[in-house]
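Since the structure comes first, as structure tokens, the remarks are kept for the end.
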Amino acid sequence: IVDQIFIGNSEFDFLGTAATGVVFPLLIVTQAFSWWIGDGCAAQLSIEQGKQETSKAKRSIGTGIVFVFVISIILLIVALTAKEPILKLFGATDLTIEMASSYLTVLAIFFPFFMLQNMMAPVIRSDGSPIYSMLCLAVGAIVDIILDPIFIFVFKWGIEGAAWATVIGQVVGLVVVLVH
């Protein structure tokens, strides 16, 4: 959403907004998988903490991390190999397909980072650190907000600059997750 605001106010105007918009459903799919697994791990963590059996919770979280990684690699491969048909399915046109494709390429390469960050947020929240969980997500968004205008307007990287700002924010957010 942040990318769309900055891209929409750049030389790419409404076509750039449309190009980032057709990629958005893929990001929602990756988030859905991440939250599905993360919420399951968080519930399991709560149950095991209540029973004083944290070793089982650690195993569940480890399994969740592996599962997210495998799914993220599958989604990355699908997104990169079937990029054009998927983008057209979500509404890309001849005017937006090239921009959407370059935007998706950068984002897809970082699906594992994005998905792990989103999977771990509910786990951290369930571990009794809701403020830290929110911080993990907020830090990434703040980095994206700071880097978007720099990459788009100063460096003139356009749509790819917006994508790079987003993935750098996600990686920073993941680092904050890993610190926990």
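The values are calculated or read from the model by the stated rules, or taken from the named source; none is laboratory data. Note that the structure is a prediction, hence the values are computed from the model and not measured. Please note: Cβ atoms are built from the backbone with ideal geometry, for glycine as well, and neighbour counts cover all protein chains shown. To get the accessible areas, we keep the full protein, side chains included, count just its heavy atoms, and leave off ligands, DNA and RNA. Shrake-Rupley method; radii C 1.70, N 1.55, O 1.52, S 1.80 Å.
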Residue pairs qualifying under the 7 Å Cβ cut-off, at least six apart or on distinct chains, with the first in region 13-30 being under 16 Å from Pro85 (Cα atoms) and the second being charged (D, E, K, R) and in a helix (DSSP H, G or I), are Thr20/Asp3
Checked region 57-68 for anything touching a residue at least 40 places away in the same chain (Cβ under 8 Å) and open to solvent by 20 Å² or more (accessible area, probe 1.4 Å); matches are Ile61, Ile65
I need the full set of residues from region 1-56 which are open to solvent by less than 50 Å² (accessible area, probe 1.4 Å) and within 14 Å of Thr96 (Cα to Cα), in order please.
Ile7, Gly8, Gly16, Thr17, Ala18, Ala19, Thr20, Gly21, Val22, Val23
Name the helices (runs of 4 or more DSSP H) wholly within region 1-97 that hold at least 3 residues that are under 22 Å from the mean Cα position of the chain (by Cα) and closer than 20 Å to Leu116 by Cβ?
13-50, 54-81
Answer yes or no as to whether Gly8 is free of Cβ contacts under 8 Å to residues at least 24 places away in the same chain and either closer than 15 Å to Ile152 by Cβ or not polar (S, T, N, Q) (or both).
yes
Filter result for Ala82 (modelled with pLDDT of 95 or more, in contact with a helix residue (DSSP H, G or I) (Cβ under 8 Å, 6 or more places away or on another chain) and under 24 Å from Val22 (Cα atoms))
no
Conditions: (1) closer than 23 Å to Ile124 by Cβ; (2) modelled with pLDDT of 95 or more. Ala100 meets all but one. Number of the miss?
(1)
